[in-house]
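Undergrad: Handing you a structure now.
The values are calculated or read from the model by the stated rules, or taken from the named source; none is laboratory data. It should be emphasised that the depicted structure is a prediction, and the values quoted were computed from it without experimental measurement. Cβ atoms come from the backbone with ideal geometry, glycine included; neighbour counts cover every protein chain shown. Heavy atoms of the whole protein, side chains included, go into the accessibility calculation; ligands, DNA and RNA do not. Shrake-Rupley method; radii C 1.70, N 1.55, O 1.52, S 1.80 Å.
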Amino acid sequence: MSTLNVQPDLQDVINLVLKTKPLIMDAQSSHDVTVKGRADFVTRTDTSVQQFLKEHLAAAWPHIQFLGEENGQNHADFSKPVWILDPIDGTTNLIYNYMHSAVSLGYCENHEVTMGVIYNPFREELFYAQKGRGAYLNGQRIHVSSKSALNDSLIAVGTTPYDKTMAPVNFKTFQRIFENCLDIRRSGSAALDIAYTACGRQDGYFERDLKPWDFSAGAVILSEAGGTVTGFDGPIDFSKNQNIIASNGLIHDELTKAILF
């Protein structure tokens, strides 16, 4: 791996992320669980993956800040370059051996995420993108779907499981979307929902109160695949929690209006 480069190299970053597979596949670690809050868990896998990537990213690019979900490392100066990591997006899925969890790593500079890697080792699927260079899945270029109407579209939803007080507004919205789209899905991983939208497996996704590490890597992957990702009320701010709408772009306005009805 190259060291002390001012600008991270995407292939070097990918190689690092791929090395987390043995840590993630350690079943004993995935069942060493600490409860952070209601429906909010951290496993030894989460902390092991974060520590591994933090150490190796710092060794290669010591000038870049690190923002991670675990261990309180969740503050950064976004006027300077910063890594944004979710070591395991879909921790509850991991605990239940659902095989739908991913490492999500974004690189942000000048308040914009310009590089993203999302890796699901259970399916050996690696999504990645760099601004201006397209989006890829396992080396093959990916594009969003061509669906142009909400009633023909498959929409993924997120339930904001850590805050049950949002259930009334969420499920009212889910019903409205369900009545106006082809069908809905709920996967338990925001990063993979955005990546799946990027490769056309679904046409849109939305969720309230996501953390930056939930959507940062996916945002650049989806944009480079031809899609659109915004907050409920405008452009994304990667420095704070957001209500996220991700789509193939063609249905974005219609989906947004249906969500905010």
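Undergrad: Which trypsin sites (Lys or Arg not before Pro) in the range 49-146 pass both tests, a DSSP loop state and at most 15 other beta-carbon atoms within 10 Å?
TA: Details: sites: Lys54, Arg123, Lys131, Arg133, Arg141; in loops: Arg123, Lys131, Arg133.
Sparse-neighbourhood loop trypsin sites (Lys or Arg not before Pro): Arg123, Lys131, Arg133.
Undergrad: Also, I was wondering about something else. Summing +1 for each Lys or Arg and -1 for each Asp or Glu, what net charge is found among the other residues whose Cβ lies under 13 Å from the Cβ of Ala190?
TA: Values: positive: Arg185, Arg186, Arg208, Lys211; negative: Glu69, Asp86, Asp89, Asp193, Glu207, Asp209, Asp214.
Net charge in that neighbourhood comes out at -3.
Undergrad: Near the amide H of Lys19, under 5 Å away, which other amide H atoms are found, from residues 5 or more places off or on another chain, if H is placed in the peptide plane?
TA: Distant-sequence amide H within range of Lys19: zero hits.
Undergrad: Among the listed pairs Lys54/Lys80; Lys21/Lys54; Lys21/Lys240; Lys19/Lys54; Lys19/Lys240, which have their C-alpha atoms separated by more than 19 angstrom in this model?
TA: On the way: Lys54/Lys80 17 Å; Lys21/Lys54 15 Å; Lys21/Lys240 29 Å; Lys19/Lys54 13 Å; Lys19/Lys240 29 Å.
Lys21/Lys240; Lys19/Lys240, as the Cα separations exceed 19 Å there.
Undergrad: Additional query: For Ala156, which sequence-distant residues (separation of 5 or more, or a different chain) have an amide H within less than 5 Å of its own amide H, given hydrogens modelled in the peptide plane?
TA: Amide H neighbours of Ala156, under 5 Å, 5+ apart: Arg185, Asp203, Gly204, Tyr205, Phe206.
Undergrad: What fraction of the Cα pairs in the chain, stated in percent, has a spacing above 23 angstrom?
TA: Values: 16094 of 33930 pairs.
Result: 47 percent of Cα pairs exceed 23 Å.
Undergrad: May I pose another question? Once the cut-off is 19 Å, how many percent of the Cα-Cα pairs in the range 100-183 end up in the long-distance tail? Before the final figure, lay out the partial values.
TA: Working: 2138 of 3486 pairs.
Cα-Cα pairs in the range 100-183 separated by more than 19 Å: 61 percent.
Undergrad: Would you list, by chain and number, the lysines whose Cα falls below 18 Å from the Cα of Lys147, excluding same-chain residues fewer than 8 positions away?
TA: Output for Lys147: Lys257.
Undergrad: Another question about this same structure. Give, as a single signed number, the net charge of other residues whose beta carbon lies under 11 Å from the beta carbon of Lys147, with Lys and Arg counted +1 and Asp and Glu -1.
TA: On the way: positive: none; negative: Asp152, Asp203, Glu254.
Cβ neighbours under 11 Å give a net charge of -3.
Undergrad: If you don't mind, there's one more thing I want to ask. Can you give me the accessible area per residue for the chain, using a 1.4 Å probe, in Å²? It would help to have the intermediate numbers written out before the result.
TA: On the way: 11430 Å² over 261 residues.
Spelled out: the 1.4 Å probe surface of the chain, per residue, equals 44 Å².
Undergrad: Considering only protein heavy atoms and a 1.4 Å probe, what is the carbon-and-sulfur percentage of the accessible area of the chain? Don't jump to the answer; show the numbers that get you there.
TA: Working: 5780 of 11430 Å².
Of all accessible area on the chain, carbon and sulfur atoms account for 51 percent.
Undergrad: Divide by every residue of the chain the summed helix terms, -39500 (n - 2.57) for each DSSP H run of at least 4, and state the resulting mean residue ellipticity at 222 nm, rounded to the nearest 500 deg cm²/dmol. Please report the intermediate quantities before stating the final value.
TA: Working: 9 runs with 83 residues, N = 261.
That comes out to -9000 deg cm²/dmol.
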